[in-house]
Amino acid sequence: MKWTKTLVQTLREDPGDAEIDSHKLLVRAGLVRKVAGGLYAYLPLGMRTLRKIQQIVREEMDRAGALEVVTPVLQPSELWRTTGRWDTMGPNMFKVKDRGEHDFALGPTAEEVFTDLAKGVVSSYRQLPLTIYQIQWKFRDETRPRFGLMRSKEFLMKDAYSFDVDAEGADRSYWNMYHAYERIFSRCGLKAVPVQADGGDMGDSLTHEFHVLADAGEDGIAWCEGCGYAANLEKAERRADGAAACAPQCAAFSEVATPGAKTIEQVAAFMNLPPEAFVKSLVYVADGRPVMVCVPGDRDVNDVKLKRFLGAKTLALADFDTVLAATGANAGSVGPVKPADASLRIVADASLKGATGRIVGANKDGFHLRDVDLARDTFLKDGDFADLIVVKEGDTCPHCGKPIVIKRGIEVGQVFKLGTKYSGAFKANYKNDRLEEKTMIMGCYGVGVSRTLQAIIEQSHDANGIVWPAAVAPYQVVIELLDPADASVAKVADDLEAALEAAGVDVIVDDRAERPGVKFKDADLIGFPVRVVAGAKGLANGGVEVKRRSEDKSMTRVVAPEAAVETVMSLL
RNA sequence: CGGAGCGUAGCGCAGUCUGGUAGCGCGUUUGGUUCGGGACCAAAAGGCCGAGGGUUCAAAUCCCUCCGCUCCGACCA
């Protein structure tokens, strides 16, 4: 391909609305252009890379035995009502009506469609196990699209769904996809790590997210250098060491006036004590009933863990009136000792078990209690303690006891055991060999294709631009034809282009009448993995110059034009 | 959905406070000189100043309404 025959428009300056490097580079290198907030057009270079990632995904899915299909973007509301998600997905889903006032969704995912499809197509155990997938555009009405393709309203996603006769089969399907994902990301030149994640509405289901570690990542990941434990912060556990008792014996609790001090920070400053000396008490409403949660003063409640522990369907912080009614005080002065509502359920983080000598809210505005012994002064029982806080850097790894570090990650894929949540709702059954009706066991598996494109850039760039892994580069090789007007030099470039194309290499020839500096800058910005320079001066000095994008200029190899193909191939 | 900021040429921005008829850099086009890491000179094209309404002799500029975008937070398969 000749540069002048395709459409490459690079920008010298960063786009004003881009925040992170990969977003800036996507636009500057001419891969995408914004159409509107969260909506992007892919230009030829971006399209080529997107297709290469798709192709890798497709090949690995096929290799794993999954079958490609495609289902409509536009999905009838009936399917979503079957699982109740028409309502529970809420405003995240784009909803539209046809002229007959029938409701449709622009698919944000496709569990319903695929389950319904499998129900219609599968009737016998002989057809199972089955994994089907598609690569299709998905739509989410994001509250805040940001970071370019990372969080957009429309994105390309590969979603796969497995159907099995039993739990063991579902397990095999799960790990089959898990390993396919390892291959996909590895072939994309990405270091993606599987981390344990929360199953959301799916209960204790096994699920892993694949994350590309990057400072720009939106998810926090707890990471143990000791044993390799990796978990999304929503899920991450810690080993809670028992609280130390005060010595030799605790005084009875007493009231302290703390006028105007609402937050732990304020009370801690007022009493001149560290936040750890306090117990932070928050009132939530779980399935319509208020619940108080106690955590150490310097820690945050993990809503996901709390929701799971309470077995609640809905969970949110209580409003001020509810807090007042439950405790007798306004937020900022509430605590687990004698709340106004004596039947208020109280739970506490495991690290508070045995805690003594703590300061808690007095359930009376402007007052706190000191020297509180949780066992002595509250009705907390052993069963009310659980791991309920967000893991922090330095916490103890639950498996090996080493300290945990916190990293940031970009989620590029997730594998998920669904069980019978969807197949049950749709009565997606099959007949076993004894003519019994059985429900299929499902799993679902997603890869964010467009997001992966950006994650690759985020993980592989330098000050000059993108450094594409060869497998996903828009072109693997750029030939810098420095003297396009010189017929003999142009012929060298043409011959090399033809020879490389014959060898199956994607190559672009920069045949623009630009100065060399401009061409080099653009080549670095776009990040073609291998660069060949064909110039009159170089040819007079022995041949063409070959180097990798990732290499310093000093690594440049000068080779005779006839030998260039071999050199290039060895560098890819 | 709360808080903050911004909408002026394809891109990045100034001009707005203090109203007087539109500017800079990059990019684009033409000509010339250059030519191995984003050259220089000359000329040119390109704007309903986000939209609508109001004030005024006069509005990019002041006032009102709406829309869009970005950031922080909340939320998030």
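General observations
- Length gained on full extension, A:Asn272 to A:Asp303, computed as 0.36 nm times the residue gap minus the Cα-Cα distance: 8.2 nm.
- At q = 0.11, 0.15 Å⁻¹ the log10 of I(q)/I(0) for the stretch A:387-493 amounts to -0.77, -0.97, computed by Debye summation with a single uniform scatterer per C-alpha, solvent ignored.
- Approximate shape of the stretch A:442-525 as ellipsoid semi-axes (Cα gyration tensor, √5λ), whole Å, largest first: 33, 17, 7
- Segment A:Asp141-A:Glu59, extension gain: residue separation times 0.36 nm, minus the distance between their alpha carbons: 26.5 nm
- Estimated Rh, the stretch A:254-386: Kirkwood, alpha-carbon pairs, angstrom: 14.4
- GluC sites (Glu not before Pro) within the stretch A:93-166: DSSP coil, no more than 13 neighbouring Cβ in 10 Å: A:Glu101
- Size of charge dipole - chain A - debye, nearest 20, with Cβ of Lys, Arg +1 and Asp, Glu -1, no other charges: 340
- The DSSP beta bridges internal to the stretch A:475-571 are antiparallel in roughly 45% of cases.
- Counting heavy atoms of the protein chains alone, A:Asp486 has an accessible area of about 60 Å² for a 1.4 Å probe.
- Ligands, DNA and RNA aside, A:His461 has an accessible area near 50 Å² when probed at 1.4 Å.
- Within the stretch A:267-295: backbone nitrogen closer than 17 Å to the A:Arg345 label point (7 Å, Cα to C-beta): A:282-295
- The dipole here belongs to the stretch A:156-228: it is taken about the Cα centre, uses +1 on the Cβ of Lys and Arg and -1 on the Cβ of Asp and Glu, and is about 500 debye.
- Kirkwood Rh in Å, taken over the stretch A:461-572 so that all alpha-carbon pairs contribute: 13.7
- Per residue, chain A exposes 45 Å² of solvent-accessible protein surface, assessed with a 1.4 angstrom probe and all protein chains in place.
- For the stretch A:309-401, trypsin sites (Lys or Arg not before Pro) meeting the loop criterion (DSSP other than H, G, I, E, B) and having at most 16 other Cβ atoms within 10 Å: A:Lys313, A:Lys381, A:Lys392.
- The helix-only estimate of mean residue ellipticity at 222 nm for chain A, built from DSSP H runs of length n ≥ 4 each weighted as -39500 (n - 2.57), is -8000 deg cm²/dmol after division by the residue total.
- The Rg/Rh ratio for the stretch A:509-572 is 0.94, where Rg is the radius of gyration of the alpha carbons and Rh is the Kirkwood radius.
- In the assembled protein chains, A:His179 presents an accessible area of approximately 80 Å² (probe radius 1.4 Å).
- Length-normalised contact order of chain A in % [C-alpha pairs under 8 Å, at least 6 apart]: 17
- Filter on A:Lys5/A:Lys138; A:Lys280/A:Lys421; A:Lys280/A:Lys313; A:Lys24/A:Lys537 - keep pairs with C-alpha separation over 29 Å: A:Lys5/A:Lys138; A:Lys280/A:Lys421; A:Lys24/A:Lys537
- Legend: Rg and Dmax of the stretch A:481-538, from Cα coordinates, 11.2, 30 Å.
- Relative pair counts by distance (%), Cα atoms of chain A, 20 Å bins: 18, 39, 31, 11, 1
- Rounded FRET efficiency, nearest 0.05, which uses the C-beta distance separating A:Asp17 from A:Lys491 and R0 of 35 Å: 0.20
- Near A:Val122, once Lys and Arg are set to +1 and Asp and Glu to -1 for all other residues with Cβ below 13 Å from its Cβ, the sum equals +2.
The values are calculated or read from the model by the stated rules, or taken from the named source; none is laboratory data. Just so it is clear, the model here is predicted, and its values are computed rather than measured. Here the Cβ is made from the backbone with ideal geometry for all residues, glycine too, and neighbour counts use every protein chain on show. Each accessible area value is taken on the protein alone, full model and side chains, heavy atoms only, with ligands, DNA and RNA left out. Shrake-Rupley method; radii C 1.70, N 1.55, O 1.52, S 1.80 Å.
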